Amino acid sequence: MRAIMMLGLALSASACAMKAPPVLVEGAPDDLQQLTGEWDGEYTSASAGRRGSINFKLVSAQDTARGDVLMIPRDPAGDRNYLNPGTSMRNVPRALTIKFVVVEGDVVAGTMDKYDSPDCEHKLLTTFRGVINGKRIEGTFIIYHVQETPEPYAREVQQEGTWWVERRSPR
């Protein structure tokens, strides 16, 4: 049963990646060419207790891409049966959306759309930065807990993590 559930989560993550809204990608044409292709990888944050998968696709000669990040939050009770009626919806894996990406030389950076924290009532804002090295990009990210009011929103707690992706299809 567990294997079927994990397969279902993986398939729904793949489906979300295909339906993801376009991501604005900025950079010089030669810099953007480095990102052309389909990328898959993972992220992890010990301080936030979260991990997940990353999927990103950029078609040559376009300034938009499609991509998702599947967040798998920690389950404080240790119960990974997400079909259990007692499981909080905050602990269920969910797709997050990449909002913006900029490429300059071999550096890629961007932000995620704000999303609900699985741990508290705050919204989270995540920024990321990585270095392109051929068919692999490795980097770090920072999660900010944000308070929506008063404007402008205040950045509070910071949590950090690492991420990587590898190109799985040719340019």
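For this structure, a couple of remarks:
- Label-to-label distance for E26 and T140 is 2.4 nm, based on points extended 7 Å past Cα in the beta-carbon direction.
- Radius 9 Å from Cβ of L24, net charge of other residues (Lys, Arg +1; Asp, Glu -1): -1
- Exposure proxy ranking, count of Cβ atoms within 10 Å, fewest first, for M71, M112: M112, M71
- Stretching the chain fully between V102 and R129 yields a gain of 8.8 nm (0.36 nm per residue, less the alpha carbon separation).
We did not get these values from a lab; they are worked out from the coordinates using the rules stated. Since the model is a prediction, treat every value here as computed from it, not as a measurement. Because the Cβ atoms are built from the backbone with ideal geometry, glycine has one as well, and the counts that use them run over all protein chains shown.
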